[in-house]
Amino acid sequence: MRATRPHLFVGRGESPLAFVETVGNAVRLAALDRSALQAGLKPGLTLADARAQVPELEVFDGDPHADLDWLERLADGCARYTPTVVLYPPDALLLDIAGCTHAFEGERPLAVDVEGRLARRGVLARHAFGDTPEVAHALARFAGAPAPDEQRAVRRLPVAALGLDADDGIALTRAGLKTVGDVMARPLATIAARFGEEAAMAVRRLSGDARAPVVARKVAVPVVVERRFAEPVGRTDFALQVIADLVADAAALLEKRGEGGRRWEAKLFRADGQIQQLRIETGRPTRDPAVLMRLFAERIDGLADPLDPGFGYDLIRLAVVLAERLDTSQLRLEGGESGDGTQAGEVAALVDRLSTRLGRGRVRRFASRDSHIPEQAELMLPAAAPPAAGEWPATEPGEPPLRPIYLFDPPQPIDTIAAETPDGPPARFRWRRTVHDVARAEGPERIAGEWWRRHDAAIPTRDYFRVEDQRGRRFWIFRHGLYVESESPRWYVHGLFA
């Protein structure tokens with residue numbers, strides 16, 4: 001494990017700089033630059049006391065949201081070293097580098113590379129290695145003089161390294177326990193009884209007897225391939241050729257697993273720390289390099305800002321974010337897939353190209369939803385999304401369709417209606433300034449609200465009728481509410497039959 005604690009220094013001239021935040025009724029220092037630290041200031045000090053010590057101190061309001069955004073950007077840049085990066089807001093990152101040091105020939109060269117890249121962006125970082133995340137985090141924050149081994153270094157840390165509340169830390173110090181080693185020398189039962197169970201658990205974590213769960217920013221993807229360059233690559237066409245080679249390598253790995261990719265992501269790491277991303281998605285799993293490179297070309301053509309290598313790319317990584325089972329299809333003697341596979345493949349390819357060029361949410365399809373409420377029985381999903389589990393209800397052979405092809409959203413209100421019986425179908429109704437005399441009617445089909453859903457529990461009952469007027473036009477209308485539920489229920493046109 002490797003923990004990094006970055007600090008950004010943006011002071012003007014030689015004047016010390018500090019960011020402040022309001023804590024309770026006092027304005028306190030939240031972050032300091034190197035000059036302020038060398039002047040003896042510390043985070044948590046009130047602004048009045050800091051001004052008394054350093055009158056020339058420059059002060060700016062802290063912005064926690066901007067700090068978190070900056071930490072996220074630094075974490076994106078650290079993805080070049082390991083896929084497992086954990087945020088420790090407001091100012092620390094944890095990198096799990098187990099099995100990731102071969103490209104740098106060891107841990108120390110990797111740490112030197114990290115510090116060099118951060119220094120070029122104006123960031124001074126303290127780093128530490130540890131067998132557990134807790135040890136690495138504590139050493140990066142509080143380690144002082146070098147120690148012969150990790151355990152001795154941990155024991156030398158102040159009690160603040162336990163990560164307890166300020167009151168608990170003060171209580172430990174007043175009890176004469178100034179270092180982590182002093183606390184470890186006491187029985188854990190005594191620590192738990194006097195200072196709380198959290199204090200005992202913190203000691204166990206630093207000693208390696210217990211571990212807290214670590215939540216990485218991103219879940220590991222099925223397939224990842226990459227190319228590193230000794231010298232940054234400054235030509236975009238060469239970078240695209242490298243992506244084509246990586247696509248071929250990933251396709252070979254997927255073929256061995258009997259899978260195809262549906263979401264592909266290429267990341268181009270620039271030497272100045274910027275990361276450019278290209279994402280494509282296919283409607284069906286595929287591992288055809290020609291198809292995938294065509295989609296990547298579509299994505300590049302659709303970019304608002306063209307790819308800019310800047311000072312060059314030193315790492316290009318391709319990840320298959322989503323992979324699914326892909327079995328070999330039967331081929332016909334004259335070529336192409338058997339059955340309707342060719343036609344389905346052409347449609348899927350068209351959808352992929354349109355979705356890539358126009359945007360994932362611009363090309364959509366209908367999907368069924370498990371609901372008997374008509375306007376909730378279908379969804380509009382991106383065409384490239386996985387197919388929904390539900391199936392469309394089938395009509396009985398020889399029977400007319402139960403639902404119209406065209407539905408109004410929302411249903412259109414009927415101005416006036418005349419019915420022979422209160423609960424029966426209408427004999428005449430006026431809709432959109434036109435009077436319709438009903439020649440035939442079928443119904444009612446009663447649909448109540450979904451009582452098991454809290455937001456639908458109070459929806460009035462609907463009685464639907466399929467009606468045809470004397471000119472042959474057919475409507476799907478309903479009465480919103482029963483007469484026992486409402487004194488004057490309203491009527492609506494919900495759809496039109498072909």
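The values are calculated or read from the model by the stated rules, or taken from the named source; none is laboratory data. This structure is a prediction, so every number in the text was calculated from the model and none was measured. Every residue, glycine as well, gets a Cβ built from its backbone with ideal geometry; the counts of neighbours run over all protein chains shown. SASA here: full protein model, heavy atoms, side chains in, ligands and nucleic acids out. Shrake-Rupley method; radii C 1.70, N 1.55, O 1.52, S 1.80 Å.
Worth a mention:
- Debye log10 I(q)/I(0) for region 29-73, one point scatterer per Cα, at q = 0.31 Å⁻¹: -1.16
- Radius 9 Å from Cβ of I280, net charge of other residues (Lys, Arg +1; Asp, Glu -1): -1
- Extension reserve of the A147-D131 stretch, reckoned as 0.36 nm per residue once the Cα distance is removed: 4.2 nm
- A 1.4 Å probe over all protein chains sorts K267, K218 by accessible area into K218, K267, starting with the largest.
- For the chain, the solvent-accessible area with a 1.4 angstrom probe is 58 square angstrom per residue.
- Gyration tensor (alpha-carbon) shape descriptor, region 1-151, a/c threshold 1.5: prolate
- The angle between the Cα long axis of helix 197-207 and the longest principal axis of the Cα atoms of the chain comes to about 70 degrees, rounded to the nearest 10.
- Only protein heavy atoms count here; on that basis, with a 1.4 Å probe, V233 has an accessible area of about 20 Å².
- Mean ellipticity per residue at 222 nm, deg cm²/dmol - from DSSP H runs of n ≥ 4 across the chain, formula -39500 (n - 2.57): -8500 deg cm²/dmol
- Extending 7 Å from Cα along the Cβ direction at E375 and again at V221 yields two label points whose distance is 4.0 nm.
- Simple point charges give the picture: +1 on the Cβ of Lys and Arg, -1 on the Cβ of Asp and Glu, and for region 239-288 a dipole about the Cα centre of about 180 debye.
- Applying 0.36 nm per residue to the separation of I447 and V214 and subtracting their alpha-carbon distance, the gain on full extension is 79.0 nm.
- Per-atom-type breakdown for the chain gives carbon and sulfur 52% of the accessible area (1.4 Å probe, protein chains only).
- Prolate/oblate/rounded call for the chain, Cα gyration tensor, a/c under 1.5 rounded: prolate
- Charged neighbours of E255, selected by a Cβ distance under 13 Å, balance to 0 (K, R count +1; D, E count -1).
- Against the chain, whose longest principal axis comes from its Cα atoms, helix 107-120 is set at around 80 degrees.
- Environment charge of A50, counting only residues whose C-beta is closer than 15 Å and scoring Lys/Arg +1, Asp/Glu -1: -3
- Size of electric dipole in region 111-211: Cβ of Lys, Arg +1 and of Asp, Glu -1, about Cα centre, debye, nearest 20: 300
- Ranked by solvent-accessible area (1.4 Å probe, protein heavy atoms only, all chains present), the residues R365, R126, R357, R462 order from largest to smallest as R357, R126, R365, R462.
- Rolling a 1.4 Å probe across all protein chains gives L292 an accessible area of roughly 0 Å².
- Between D182 and R433, the simple label model (points 7 Å from Cα in the Cβ direction) yields a spacing of 8.9 nm.
- R73 versus F229: modelled label distance in nm, points set 7 Å from Cα along the beta carbon direction: 2.3
- Three-way shape call for region 209-277 based on the alpha-carbon gyration tensor, with the a/c threshold at 1.5: oblate
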